[in-house]
Amino acid sequence: MTGDMLQESGDVLVTLYRENRLELIRLALLLVGDRETAEDIVQDVFARLHGRRPDVLTLAYVRSSVLNGARSALRRRRVALHKPPAALVPAESAEAAALLGETRQEVLTAVTRLPARQRETLVLRYYLDLSDAEIADVTGLRQSTVRSTVMRALNRLERELRAPG
């Protein structure tokens with residue numbers, strides 16, 4: 001890579017970081033459940049992308065990398081805790097509890113019990129407001145699979161939130 005390409009790559013990466021860092025941390029936070037891990041994931045992604053060709057440094061690529069980083073973190077956590085992903089509940093802080101409220105916390109807890117793919121597609125759809133095509137690009141799924149996965153996740157959430165207890 002030439003010096004000019006390296007400089008351009010750095011400029012693109014800095015711009016992506018400045019404009020999207022908080023969104024990417026929130027994405028990781030919703031997937032892994034704690035802020036420190038989410039921040040580490042995003043930081044690791046940007047560190048790994050340093051020196052890449054500028055043409056591959058797109059927001060979709062960075063989102064995919066964050067999604068993969070969250071998957072890896074959850075996999076490592078499951079191995080360390082010997083628990084399935086449904087047993088992982090996001091860490092609550094006083095600030096998070098105050099912001100979310102009881103009903104939103106109930107929904108968030110229900111979302112954490114969804115299978116990983118369903119959880120990921122819901123977060124990408126309703127938190128980042130991505131289209132089916134953008135979600136397909138980030139996750140590597142077909143658009144029809146994205147739509148059916150979102151529908152199954154919503155149906156499961158509805159059943160779970162209606163259930164007494």
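The values are calculated or read from the model by the stated rules, or taken from the named source; none is laboratory data. Computed from a prediction, not measured in an experiment: that's the story for all the values here. So basically every Cβ, Gly included, is an ideal-geometry build from the backbone, and we count neighbours across all protein chains shown. Heavy atoms of the whole protein, side chains included, go into the accessibility calculation; ligands, DNA and RNA do not. Shrake-Rupley method; radii C 1.70, N 1.55, O 1.52, S 1.80 Å.
Under a 1.4 angstrom probe, counting protein chains only, how are T149, T58 ranked by accessible area, largest first?
Details: T149 0, T58 60 Å².
The ranking, largest first, comes out as T58, T149.
Of E19, E106, the residue with the largest accessible area leads and the full order is E19, E106 (1.4 Å probe).
In this rough spin-label picture, where each label sits 7 Å from Cα along the Cβ direction, the D40-R18 distance is 2.9 nm.
Using a cut-off of under 17 Å, list every residue of region 6-32 whose amide N is near the label point 7 Å from the Cα of A47 along the Cα-to-beta-carbon line. Inside the label zone: 14, 17, 25.
Were the residues from E8 through A116 laid out at 0.36 nm apart, the gain over their Cα-Cα distance would be 35.3 nm.
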